[in-house]
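The values are calculated or read from the model by the stated rules, or taken from the named source; none is laboratory data. Here the structure is a predicted model, which means the values were calculated and not measured. Glycine gets a Cβ as well: all are built from the backbone with ideal geometry, and neighbour counts include every protein chain shown.
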């Protein structure tokens, strides 16, 4: 039996997927595969903090960033902490 794939994504991948309006973009595909439970997304507190910072820089409202840093948001649960 093969072990489940565990993935750490660069924050730029998540930000690009969040901001993309193209449903066929590669970053959207990665998020869709994660949402389909094809792999386990691993995050650290530093990654979550950086993600919120990057989204604020891109003009995303702080409420959305707070939901994301609380491990929930537009992508659902933001992954397993490591």
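Numbers for the structure displayed
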quantity: Single match in 71, 2 (criterion: modelled with pLDDT under 85, in a loop (DSSP other than H, G, I, E, B) and within 11 Å of the chain's Cα centre (by Cα)); calculated: 71
quantity: Selection status of residue 30, at pLDDT below 90, in contact with a helix residue (DSSP H, G or I) (Cβ under 8 Å, 6 or more places away or on another chain) and within 26 Å of residue 4 (Cα to Cα); calculated: no
quantity: Residue 16 vs. criteria modelled with pLDDT of 90 or more and surrounded by 13 or more Cβ atoms within 10 Å (Cβ to Cβ); calculated: yes
